[in-house]
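**Student:** Here it is, the structure in full.
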Amino acid sequence: METSARTHDIPPTSATAARPRVLLLFGGRSGEHAISCATAGGVLRAIDSDRYDVLAVGITPTGRWVSVDPDPDRWSITDGRLPEVADAPERILLPQSADERSVHVLDGGGLPRDLGRVDVVFPLLHGPFGEDGTLQGMLELADLRYVGAGVLASAVGMDKQYMKLVLAGQGLPVGPYTVLRPGELDRDPDGVLARVEPLGLPLFVKPARAGSSLGITRVTDLADLPAAVAEAQRHDPKVVVEAAIVGREIECAVLGSPGVERPRASLPGEIVVTDVKHDFYDFEAKYLAEADVELRCPADLPAGIVEKVRDIAVRTFEAVDCEGLARVDVFVTEAGEVIVNEINTMPGFTPFSMYPRMWEASGLPYAQLVDELLQLALHRPTGLR
């Protein structure tokens, strides 16, 4: 399976002859707001300003769209400080119909001002209300091209229950799990335990629709299950309880291809949590404690396992009808089994993120990766595909 970059395989068209206008969108209402901001900082630092004209737009935690400072340093995670899009009196308006391409801003007095045409949106949002198909649906209604997965793939990738159902239906290996609906543990504790106990211990209790390891608890005693469910429900009323899988945590980056070619997979990477204070690769280990984690790119795996991981990553990407990019996380057991943990349809681009690191190790530098994603989006047709 090929890993080399193919940016120059995408033919130039009239749509890309001039410098395209990119609306870089980040922040949002989910618990991953700060990580989205940090991702935007990475992309702002990497994007070629000679090739693209960038309009930076942030979504505040309350959902207001505002124009923001495009300086990448403003959006980095520094000394444990998490960036946030601040509120402002103005409001950004996307095009309101399929035959319009201009973005407007309403100032404090409610007077519209034209910010010019937008050719493509780069939606760097993580979690609900941005990565889950809601934003993608709005962009589809306006006939705007955008980077990444469409409505269906975004929704399926965000919801761990339906992701597992789709992957299993396509013959891909997923681990044992059960789903708890709101109030189910209170209404029928014995019934819940009857479903959970066969999964064994330890268990992982997760919000069904959240990322960045938010709300996840490793449970080693069933007496702690109610507290773990309550913690997960701080982020999502629907909860997934998963059996622990003993194996190495391996990730693989997938990148769409132009035309009818199959998606491409990077060399896999491995996450090793080196500090025992972390029971697993939690939020702190991901973003605030770089010294506690070792990211190995490429992962030290036998050649046969590498190809198996890459094959399953591409098949996972195709199973949910993904576009543009995704990171596929798997477990590799001692017996050489590869089990899919999840697909992330908008992986992070922070300095700690595995997605750009894996492509870097595969011969595709960060700036070129960003360029290829934008070119794929600019050449993708709008409407039904």
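**Student:** What strands (runs of 3 or more DSSP E) completely inside segment 35-96 contain at least 2 residues that are under 21 Å from the mean Cα position of the chain (by Cα) and of a type outside the set (Gly, Ala, Ser)? Can you show your working first?
**Tutor:** On the way: elements: 53-59, 65-67, 91-93.
Strands (runs of 3 or more DSSP E) meeting the threshold: 53-59.
**Student:** Hey, does segment 275-287 have a residue that's modelled with pLDDT of 85 or more and either surrounded by 21 or more Cβ atoms within 10 Å (Cβ to Cβ) or part of a helix (DSSP H, G or I) (or both)? Give the derivation first.
**Tutor:** Our first condition is that a residue be modelled with pLDDT of 85 or more; within segment 275-287, this holds for none.
Checked against the condition, which is being modelled with pLDDT of 85 or more and either surrounded by 21 or more Cβ atoms within 10 Å (Cβ to Cβ) or part of a helix (DSSP H, G or I) (or both), segment 275-287 yields no hits at all.
**Student:** With (1) over 15 Å from the mean Cα position of the chain (by Cα); (2) among the hydrophobic types (A, V, I, L, M, F, W, C); (3) modelled with pLDDT of 95 or more as the list, and Leu373 as the residue in question, which single condition is left unmet?
**Tutor:** For Leu373, the failing item is (1).
**Student:** Checking Ala15 against (1) within 22 Å of Leu144 (Cβ to Cβ); (2) out of contact with any Lys or Arg (no Cβ under 9 Å at 6 or more places or on another chain); (3) at pLDDT below 90: exactly one of these is not met. Which one?
**Tutor:** The number of the failed condition is (2).
**Student:** Moving on. Return the pairs, sorted by first residue and then second, in which the second residue is aliphatic (A, V, I, L, M), the first residue lies in segment 82-93 and is at positive phi, the beta carbons are less than 9 Å apart, and the residues are 6+ apart or on different chains.
**Tutor:** none
**Student:** Could you check segment 30-61 and list, in sequence order, the residues that are at pLDDT below 95 and basic (Lys, Arg)?
**Tutor:** The one that is at pLDDT below 95 and basic (Lys, Arg): Arg45.
**Student:** Now for a separate question. Considering each residue of segment 163-189, count those that are under 22 Å from Glu231 (Cβ atoms) and either hydrophobic (A, V, I, L, M, F, W, C) or outside any loop (DSSP other than H, G, I, E, B) (or both), and give that number. Spell out how you get there, then give the answer.
**Tutor:** Kept after step one, since they are under 22 Å from Glu231 (Cβ atoms), are these residues of segment 163-189: 163-164, 175-189.
Of the ones still in play, those that are also either hydrophobic (A, V, I, L, M, F, W, C) or outside any loop (DSSP other than H, G, I, E, B) (or both) are 163-164, 177-180, 184-187, 189.
Adding up the residues that qualify gives 11.
**Student:** Quick check: is even one residue across segment 201-215 under 12 Å from Glu242 (Cβ atoms), polar (S, T, N, Q) and surrounded by 13 or more Cβ atoms within 10 Å (Cβ to Cβ)?
**Tutor:** No - not one qualifying residue is present in segment 201-215.
**Student:** What is the one condition in (1) surrounded by fewer than 17 Cβ atoms within 10 Å (Cβ to Cβ); (2) at pLDDT below 95 that Ser353 does not satisfy?
**Tutor:** (1)
**Student:** Quick check, is Leu193 crowded, with 19+ Cβ neighbours inside 10 Å and either at positive phi or part of a helix (DSSP H, G or I) (or both)?
**Tutor:** Criteria not met by Leu193.
**Student:** Restricting the first residue to segment 201-216 and requiring it to be closer than 10 Å to Glu32 by Cα, which pairs with a second residue that is of a type in the set (A, V, I, L, M) and not in a loop (DSSP other than H, G, I, E, B) meet a Cβ separation below 6 Å and a spacing of at least six or different chains?
**Tutor:** Within 6 Å, the pairs are Ser212/Ile35.
**Student:** If I ask for residues that are in a loop (DSSP other than H, G, I, E, B) and at pLDDT 95 or above, which ones from segment 97-125 would you list? Break it down stepwise before answering.
**Tutor:** Start the filter on segment 97-125 by keeping residues that are in a loop (DSSP other than H, G, I, E, B), which leaves 97-101, 107-111, 118-119, 124-125.
Result: Val118, Asp119, Leu124, Leu125.
**Student:** Let me ask another. Of Met138, Met163, which residue is assigned by TED's automatic domain parsing to the domain that holds Val254, within 21 Å of the chain's Cα centre (by Cα) and on the phi < 0 side of the Ramachandran plot?
**Tutor:** Working: Met138 fails: assigned by TED's automatic domain parsing to the domain that holds Val254.
That would be Met163, the only listed residue that is assigned by TED's automatic domain parsing to the domain that holds Val254, within 21 Å of the chain's Cα centre (by Cα) and on the phi < 0 side of the Ramachandran plot.
**Student:** Then there is this: Output the residues belonging to segment 313-340 that are of a type in the set (S, T, N, Q) and crowded, with 19+ Cβ neighbours inside 10 Å.
**Tutor:** Kept after step one, since they are of a type in the set (S, T, N, Q), are these residues of segment 313-340: 316, 333.
Across segment 313-340, the qualifying residue is only Thr316.
**Student:** On to the next question. List the number of the failed condition for Tyr146; all other conditions in (1) closer than 20 Å to Pro20 by Cβ; (2) hydroxyl-bearing (Ser, Thr, Tyr); (3) surrounded by fewer than 22 Cβ atoms within 10 Å (Cβ to Cβ) hold.
**Tutor:** (3)
**Student:** Taking segment 17-33, which residues are of a type in the set (A, V, I, L, M) and surrounded by fewer than 21 Cβ atoms within 10 Å (Cβ to Cβ)? Can you show your working first?
**Tutor:** As a first pass, look at segment 17-33 and keep what is of a type in the set (A, V, I, L, M): 17-18, 22-25.
Across segment 17-33, the qualifying residues are Ala17, Ala18.
**Student:** Can you tell which of Pro268, Pro263, Pro302 is more than 30 Å from Arg380 (Cα to Cα), at pLDDT 95 or above and not assigned by TED's automatic domain parsing to the domain that holds Ser76? Spell out the reasoning first.
**Tutor:** Details: Pro268 fails: more than 30 Å from Arg380 (Cα to Cα); Pro263 fails: more than 30 Å from Arg380 (Cα to Cα).
Exactly one residue qualifies, and that residue is Pro302.
The values are calculated or read from the model by the stated rules, or taken from the named source; none is laboratory data. All values derive from a computational prediction rather than experimental measurement. Glycine gets a Cβ as well: all are built from the backbone with ideal geometry, and neighbour counts include every protein chain shown.
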